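Have a look at the structure below, then the notes.
The values are calculated or read from the model by the stated rules, or taken from the named source; none is laboratory data. Keep in mind the model is a prediction, meaning the values are calculated, not measured. Ideal geometry is used to build each Cβ from the backbone, glycine not excepted, and the neighbour counts take in all protein chains shown. With ligands, DNA and RNA removed, areas are computed over all heavy atoms of the protein, side chains included. Shrake-Rupley method; radii C 1.70, N 1.55, O 1.52, S 1.80 Å.
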Amino acid sequence: MLAHPLSGAPERLTITRELLMRAVRAPMYVPAYAAGLPAAITAAAGGRFEAISGLSGALGSGRSGKLSMGMHLSVICSEDLPRLERTADAPGADFGRIDAEFYRQACAQWPRGTVAEAFYRVSTAPAPVLLLSGGADPVTPPRHGERIAGALGPKARHLQVPAAGHGVLSIACMGELLHRFINSKTEAEALAVEAACAAKMPRPTAVFPIQTATR
């Protein structure tokens, strides 16, 4: 039995390995949530799954999250799943093909569009392009940004924010940086936008519940 993270109502849930691995993966998108994983995993090892369930449900639990999941599946099922079998990336040692199987099952029932092969070809950029990657992003790691920047050519600039997860624009000085990039007077000025603040952002440290003293 688990207490629902929002209502507190008891719910019966069967915890499988696949479900647990996906519950661990979800908080890794946001470093502030990932900071709670050590305590949540420790609790789960003792048979208490409320913490890890709450962290996993923190992403996409509201109405907007349900809408974004539908949009997410529409993109993944149309653009990515048809090419999944052609990937050369080896499955992860722990996660294996858990996500691949999840999408394969979901996309079997989800409406999808047809994507032309030309969609996957990246042409040289005719104007400055700014690419942002989070160093702790579990789904689109910086190596993908580097590859795309190389394909876009000399007018592409790839910035890595080492402490960021999947969302980069919402943190600290990144919004201002993007504003300065867009409002630059020349291409050279845009590609030279100062971004030292990105490297200085600290990653949240592990958070453990406060322990009360016992006598």
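Remark: residue 106 falls outside the filter, which requires a residue to be surrounded by 10 or more Cβ atoms within 10 Å (Cβ to Cβ) and in contact with a Lys or Arg (Cβ under 9 Å, 6 or more places away or on another chain). Identify the residue in segment 122-160 that is under 17 Å from residue 87 (Cβ atoms) and free of Cβ contacts under 8 Å to residues at least 12 places away in the same chain and, among all such residues, is least open to solvent (accessible area, probe 1.4 Å). Ranking the candidates gives 141 first. For residue 36, the conditions (1) surrounded by 15 or more Cβ atoms within 10 Å (Cβ to Cβ); (2) at positive phi are fulfilled apart from (2).
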